[in-house]
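Just so you know, all these numbers are worked out from the coordinates, no wet-lab data involved. Everything quoted here is computed from the prediction, not taken from an experiment. Cβ sites come from the backbone with ideal geometry, for glycine too, and all protein chains shown count toward neighbours.
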Amino acid sequence: MKRIVAKEEYCMNCRLCEVYCLVSHSRSKDLIKAFRQERGEIVPRITVERLGPVSFAVQCRHCDEPACVEACMTGALHRDPATGEVTHDPQRCVGCWMCVMVCPTGAIRRDRNGHVAAKCDLCLETGTPACVANCPNEALVIEEDND
Amino acid sequence: MSKRLVQAEFNVERDPERCIQCQVCVRQCSNQVHAYDAESDQVTCDEASCVGCQRCATLCPTNALTIKKAPPEFAPDNNWTSDVIQNIYRQAETGGVLLSAMGNDTAKVSWWDNILLNASQVTNPSIDPLREPMELTTFLGAKPNAVELNFDDQGGPSLATKLAPQLVLSTPIMFSAMSYGAISYNAFESLARAAGQYGTFANSGEGGLHKDFWPHGPNMIVQVASGRFGVDIDYLKVAAAVEIKIGQGAKPGIGGHLPGEKVDERISQTRMIPVGSDAISPAPHHDIYSIEDLRQLIYSLKEATRYQKPISVKIAAVHNVAAIASGIVRAGADIVAIDGYKGGTGAAPTMIRNNVGIPIEFALAAVDDRLRQEGIRNQASVVACGGFRSSADVVKAIALGADAVYIGTAALVALGCHLCQKCYTGKCNWGIATQDPYLTRRLNPEIGARRLVNLLRGWSHEIKEMMGGMGINAIESLRGNREHLRGVGLSDRELSILGIKAAGE
Amino acid sequence: MTSTKYLIIGNSAAGVGCVEGIRQTDPTGEITLLAKETEHAYSRPLITYLLGGKVDEAGMAYRPADFYVQQRVKTMLGVEAAKVDPAAKTVTCADGQVIGYEKLLIANGGKPITPPNLPGADAPGVFTFTTWGDARAIEQYIAANDVKEAVVIGGGLIGLKSVEALTARGLKVTVLELAPRILAVTLDQDASDLLAGALASAGVKLLTNTTAQRVDLENGKAAGVTLPDGQKIAAGLVILAIGVLPDLSLVAGSGIATERGILADERLATNVEGVYAAGDVAQALELLSGERRSIPIWPNAYRQGFIAGVNMAGGDKVYEGGLAMNSVEICGLATISAGITSPPEGQGYQVLTKLDPKTKNYRKLVLKDHHLVGYVLVGDVDRAGIITGLIKGRVEVKGLEEKLLAPDFGLISLPAMHRERVTAGLGVWS
Ligand SMILES: Cc1cc2nc3c(=O)[nH]c(=O)nc-3n(C[C@H](O)[C@H](O)[C@H](O)COP(=O)(O)OP(=O)(O)OC[C@H]3O[C@@H](n4cnc5c(N)ncnc54)[C@H](O)[C@@H]3O)c2cc1C
């Protein structure tokens, strides 16, 4: 199972992960256009939390028994038993926020305009997650765990 | 309060077409230059506090920021330059001593650029380091005057002479003394790790060695300085070598001062002083007023380390450096480290940094000559430091007579330092010269060590290329080989002190 | 008589959960699933969205069309179970078929409550609203009768979701709520007020402390309701949404123990060997009280079904206990609530609230002995799950109370142990 691991001791609260996540999930895939035209409409699926000097990025943890999948009443959220990835199909999402209600890391966000949930999809389409690829301090790394 | 006369040193140019209000700059500037105004959804800036460290410009995802030097346009004057005028404004405001950090930045600081290297053509073949072995292994420590051999029944030889302890370097480059306190835990760890990975040495500086770093001991040289911070028997034992710090090229003749606010729990453990107390290194060692006193300390350290570790003595390059070095060797030092006037620092009075001491090029040549003349060159290795910027500087230093060099500033630059020279403010945006936990995490030691190892690898490769060009295949053959150096733009007097011919000769 | 290793009655959250639970443990054992309704496993809560035009028929599927083929499940849809005989280990269907089983899951859900003495309640134009069939029937009725106004009896979750749907279809809706406020069971006064405000601004008329005394008829069809005070409200459509009850008809007289619902233990087994119960029909462990209660919500139904499935297949999994919780977005205002939201006075509960009427943001936390036991969020509901996790994980939050109220509150403020567990993807319990 691929997981994005946040190294809290090296997270420097720059939030470039949020920036690049947003771009990676924008229509234009262009930094400037995405922020100019789509900000507010779309939200990053990763959030940096900060308390004093400490900060870290939180995104979907692809839980072994995902509470969001259990709570999802449309079937939009799904856990692939083979890969362990928790996927979300925005087409089937109605924005009931049952997943927001139960996600223990608070990693599912409301894409405000679309009224659908948004969560980390590991950038499966493009390969390396944008947050990992653009973290200047390698505080976000992708790790493969085999359990 | 009257109006300040000092003007901003930098212009922050923000391209409104490119700025996306992501506020990375706001979160990364420890000098609070950038701020976000929610009402107008604009990032604004206060240029007065910009130090030109380029952190924001480097991290800005859209390259919307350009930081430019903003010399206030005073009337043109080569003597009363804007820097001079601004400094006077500052002192007129505060009555304080001007502070600087890193090395001397005045216009004429490097003579390496006046020295050029040789290469083989026709009469002696050059060597391709990619095809043929090229030896950079360097041994630091006293060498015997002569070597005696024993032969067994079959005539097989073995070494009869007892050798002094040696440091073995895979390349003639080490990291110079930068204490934990002056630099961050992560910067220190980066240096220690890289030294281990590349097979060379890092120097603890005068601030002790935190227990976390003890596993790096086999690649650490630890310092004993006038403040004796962190020195106990375990500290000496865990290291590969011990260095007595007498002086530093950036501030010869004066001591050091780590302000109490930087002395947190970990630094207090490392320096063995209470949390929050100022760490003051006196200008002299109060038990060293003569070569004989120095000899006592050298031998105390040799006793303590059971004659198993080389003892080094580091001095700043000053006027009588050759005689002083001779005394140091005679006092029993295994290594003499000489720090030239371009040497870096975390904090020094500007006037001292820019005006005290002599260039390493001259000091090194003079020391090597003197030790040879006295027939004691073999008794100690000579390590040069102070402003080495490239592998070419290293090759020239070795040809001038150094066994190895220490690099400090270059190592920090590899770690991300942008030479803003504001180390003493403790607000280093690159997480290097700071103890602020919000800033120190910016340097991931894994990345740091990787970058340093890359630098060492790159320089070592270049050194081999230059050696090969000269037809030399071992660093031993380059050492003190001034025949391979020629001077340009130097006076006869300078050439003669450097002991090199002029270009064309 | 046919026979199967696993028999599942019910094709909804609990039934699907059970299939997935069995298959995790036993990839091959024969599974038969029967359901009264004819549709492929669909999402019951979406029926109001369907009526409101927010999803189409294809969007109703809870699992892909080939789900049961993939899971090697034999389905018998449109078949109604009539009687369970635990001694013979058989289920008899309404059409006379008898099916033998080794392990049985009863997950036939709930049935809507119809008011016992409401004259006219069985007239055309009066509907309950809990099935896809109901949604179709209501839609057809509206079209056929050109209905412009509706009355919804009941200001609970289903009632309000019906209001959303009907409003979306352009109907003028009046809601009758017997309690002094809407969503009285799950929300507190302040949150209810905010939602009532949202309803009002969407043009919905809300009458509280009242209900219908009778359904008025015209040509034999519903034409409105009369309230106890004599007031008449014209409406061509009346939706009865006063709640659901576990449907115990299947197990009556079978020896399977029931109270409000079928009593299930921490492994979701009933008192009878080989018989399990899950979902809206079951009465299983409630997290905060430690008692067995029926909590008819989707996540609990799935989890109970899943755990029952694992245990039916020989695994050993314990139900941690359900938590009453819900998420509703009414007229654009999101609300999430969980656990105890209106605690009784004087029993040592601590209540923290923060209300911003301007932004319609409201946060309320209920604590007991420094542990969270409930909350209400209105408006900015992001990261509600962290709070739910703290309740479920019984994490002590002493000293964190003020932080929990802040909208930017996050994992970073939490005890390291809890934080590390959830960020490792291990959920709140392991
Ligand atoms: C309009 C509406 C909105 C809702 N919104 C939410 C919400 O937002 N969040 C939430 O958590 N919950 C919501 N719920 C509740 C949620 O739908 C239920 O908790 C959930 O469906 C329970 O699942 P279940 O598997 O226990 O049973 P049910 O979904 O009730 O399914 C019962 C199954 O059993 C079958 N069945 C019944 N009787 C028999 C029989 N005699 N023989 C054979 N088969 C039979 C049925 O055909 C059906 O397949 C809502 C419910 C409704 C009606």
Quick one: which residues, 5 or more positions from A:VAL43 or on another chain, have an amide H under 5 Å from its amide H? H modelled 1.01 Å from N in the peptide plane, none for Pro or chain starts.
A:ARG112
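Using the Kirkwood formula over every pair of different C-alpha atoms, what hydrodynamic radius in Å results for the stretch C:335-423?
Working: mean 1/r = 0.0758 Å⁻¹.
In the stretch C:335-423 this quantity evaluates to 13.2 Å.
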In this structure, among A:LYS7/C:LYS403; B:LYS162/B:LYS314; B:LYS342/B:LYS422; C:LYS354/C:LYS403, pairs with alpha-carbon gaps over 19 Å are A:LYS7/C:LYS403; B:LYS162/B:LYS314
Within the stretch B:397-425, whose backbone N sits under 15 Å from a point 7 Å along Cα→Cβ of B:ASN124?
B:399-400
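What FRET efficiency comes out for the pair C:ASN271/C:MET417, r = Cβ-Cβ distance, R0 = 41 Å, nearest 0.05? Don't jump to the answer; show the numbers that get you there.
Details: r = 38 Å, r/R0 = 0.92.
Given R0 = 41 Å and the Cβ-Cβ separation, E is 0.65.
Which order do C:LEU248, C:LEU237, C:LEU194 fall in if you start with the one that has the fewest other Cβ atoms within 10 Å? Don't skip to the answer; put the middle values down first.
Values: C:LEU248 19, C:LEU237 25, C:LEU194 22.
With the fewest neighbours first, C:LEU248, C:LEU237, C:LEU194 line up as C:LEU248, C:LEU194, C:LEU237.
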Average beta carbon contacts from partner chains per residue of C:405-413, 10 Å cutoff
4
Say the dipole of chain A comes from +1 at the beta carbon of Lys and Arg and -1 at that of Asp and Glu; which of A:CYS14, A:CYS63, A:MET73 then lies farthest toward its positive end?
A:CYS14
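Under a Cβ-only charge scheme (Lys and Arg +1, Asp and Glu -1), can you give me the dipole magnitude of the protein assembly as shown about the Cα centre, in debye to the nearest 20? Working shown, then result.
Values: 107 positive and 119 negative charges, 191 e Å.
Here the protein assembly as shown has a charge dipole of around 920 debye.
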Partner shielding of C:319-325, as the mean number of partner chain Cβ atoms within 10 Å, equals 1
Calc'd 3J(HN,Hα), the stretch B:127-144, phi into Karplus 6.51 cos²θ - 1.76 cosθ + 1.60 (θ = phi - 60°), Hz, glycine/Pro = x, comes to 10, 8, x, 6, 9, 10, x, 9, 9, 10, 4, 10, 10, 10, x, 5, 10, x
Can you list which of the DSSP-assigned H helices in chain B have a Cα extent of 24 Å or more along the long axis and an average Kyte-Doolittle score of at least -0.5?
B:445-470
Which Cys in chain B stand alone, with every other cysteine's Cβ at 4.7 Å or more from theirs?
B:CYS19, B:CYS22, B:CYS29, B:CYS45, B:CYS50, B:CYS60, B:CYS385, B:CYS417, B:CYS423, B:CYS428
Chain C, helix-only ellipticity at 222 nm - DSSP H runs n ≥ 4, -39,500 (n - 2.57), divided by all residues, nearest 500
-6500 deg cm²/dmol
Tell me, what HN-Hα J-couplings in whole Hz come from the Karplus equation 6.51 cos²θ - 1.76 cosθ + 1.60 at θ = phi - 60° for each residue of the stretch B:250-255, using x for Gly and Pro?
6, 8, x, x, 10, x
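Pull out the extension gain between B:SER277 and B:ARG457, defined as 0.36 nm times the separation in residues minus the alpha carbon to alpha carbon distance; nm, one decimal.
Details: separation 180, 0.36 × 180 = 64.80 nm, distance 4.01 nm.
60.8 nm is the gain from fully extending B:SER277 to B:ARG457.
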Sequence-distant or interchain residues sharing an amide H contact under 5 Å with B:LEU99, placed H: which?
B:THR350
Taking a spot 7 Å from the Cα of A:ILE32 along the direction of its beta carbon, which residues of the stretch B:38-64 have an amide N less than 19 Å from it?
B:42-44, B:57-64
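Do the sum for chain B: with -39,500 (n - 2.57) for every DSSP H run of n ≥ 4, divided by all residues, what is the mean residue ellipticity at 222 nm, to the nearest 500 deg cm²/dmol? Spell out each step's value before the answer.
Working: 16 runs with 151 residues, N = 505.
Rounded to the nearest 500, it is -8500 deg cm²/dmol.
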With labels modelled as points extended 7 Å from the Cα through the Cβ direction, what inter-label distance (nm, one decimal) is found for B:GLU505 paired with C:LYS172?
11.0 nm
If amide hydrogens are placed 1.01 Å from N in the peptide plane, which non-local residues have theirs closer than 5 Å to the one on C:TYR42?
C:TYR62
Unpartnered Cys in chain A, judged by a 4.7 Å Cβ-Cβ cut-off, are A:CYS11, A:CYS14, A:CYS21, A:CYS63, A:CYS72, A:CYS93, A:CYS96, A:CYS103, A:CYS123, A:CYS135
At 0.36 nm per residue, minus the direct Cα-Cα distance, what do C:GLU291 and C:VAL318 gain on full extension? Give it in nm, one decimal, please.
8.2 nm
How well do other chains shield peptide A:57-66, expressed as the mean number of their Cβ atoms within 10 Å of each residue Cβ?
4
Quick one: if the Förster radius is 60 Å, what FRET efficiency do C:GLU139 and C:LEU426 give, using the C-beta to C-beta distance and rounding to 0.05?
0.85
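Relative to the present Cα-Cα distance, how much length would full extension add between B:SER158 and B:ASP105 at 0.36 nm per residue of separation?
On the way: separation 53, 0.36 × 53 = 19.08 nm, distance 5.23 nm.
Using 0.36 nm per residue and subtracting the Cα-Cα distance, I get 13.8 nm.
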Only four residue types carry charge here, +1 at the Cβ of Lys and Arg and -1 at the Cβ of Asp and Glu. Report the dipole size of chain B about the Cα centre in Debye, rounded to the nearest 20.
300 debye
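Give the calculated FRET efficiency between B:ARG18 and A:GLU41 to the nearest 0.05, with a Förster radius of 30 Å applied to their Cβ-Cβ distance.
Efficiency, from the Cβ-Cβ distance: 0.90.
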Between C:THR186, C:THR28, C:THR48, which gets the highest mean-square fluctuation from a Gaussian network model of chain C, Cα cutoff 10 Å?
C:THR28
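How do B:320-330, A:36-46 rank on mean C-beta neighbours within 10 Å, highest first? Write out the running numbers ahead of the final one.
Numbers: B:320-330: 20.4, A:36-46: 18.6.
Output ranking for B:320-330, A:36-46: B:320-330, A:36-46.
Expressed as cubic angstrom per residue, what is the convex hull volume of the alpha carbon set of chain C?
On the way: hull volume 66.5 nm³, N = 430.
Hull volume over Cα atoms, normalised by residue count, gives 155 Å³.
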C:LYS232: which lysines have alpha carbons under 28 Å from its alpha carbon, excluding same-chain residues fewer than 8 sequence positions away?
C:LYS148, C:LYS161, C:LYS172, C:LYS205, C:LYS221
Based on alpha-carbon centroids, what's the gap between the stretch A:87-125 and the stretch C:144-201 in Å, whole number please?
26 Å
Inter-probe distance in nm under a simple model that places probes 7 Å from Cα toward Cβ, at C:LYS232 and B:THR94:
8.9 nm
Tell me the chymotrypsin sites (Phe, Trp or Tyr not before Pro) within the stretch B:80-153 that lie in a loop according to DSSP and have at most 16 other beta-carbon atoms within 10 Å.
B:TRP80
Just from the alpha-carbon atoms, what are the Rg and Dmax of the stretch C:1-52 in angstroms?
13.3, 43
222 nm mean residue ellipticity, helices alone, for chain A (DSSP H n ≥ 4; -39,500 (n - 2.57); rounded to 500):
-3500 deg cm²/dmol
Hey, if you put +1 on the Cβ of every Lys and Arg and -1 on every Asp and Glu Cβ in the protein assembly as shown, which of B:SER496, C:ILE307, C:LEU183 ends up farthest toward the positive end of that dipole?
B:SER496
Compare the Cα positions of C:GLY220, C:LEU404, C:LEU288 along the charge dipole of chain C (+1 at Cβ of Lys, Arg; -1 at Cβ of Asp, Glu; about the Cα centre) and return the one farthest towards the positive end.
C:LEU404
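Around C:LEU183, under 14 Å between beta carbons, what's the net of Lys plus Arg minus Asp minus Glu among the other residues?
Values: positive: C:LYS161, C:ARG181, C:LYS364; negative: C:GLU164, C:GLU177, C:ASP188, C:ASP190, C:ASP193, C:GLU329.
Computed value for this residue: -3.
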Between B:HIS319 and B:ASN79, with labels modelled 7 Å along Cα→Cβ, what's the label distance in nm to one decimal, could you check?
2.6 nm
Sequence order, the stretch B:170-183: Karplus ³J(HN,Hα) from phi using 6.51 cos²θ - 1.76 cosθ + 1.60, θ = phi - 60°, Hz rounded, Gly and Pro as x, gives 6, 8, x, 10, 10, 8, 7, 5, 9, 7, 6, x, 6, 10
Take the Cα of C:ALA94, step 7 Å along the line toward its Cβ, and report every residue of the stretch C:218-252 whose backbone nitrogen sits under 16 Å from that point.
C:247-252
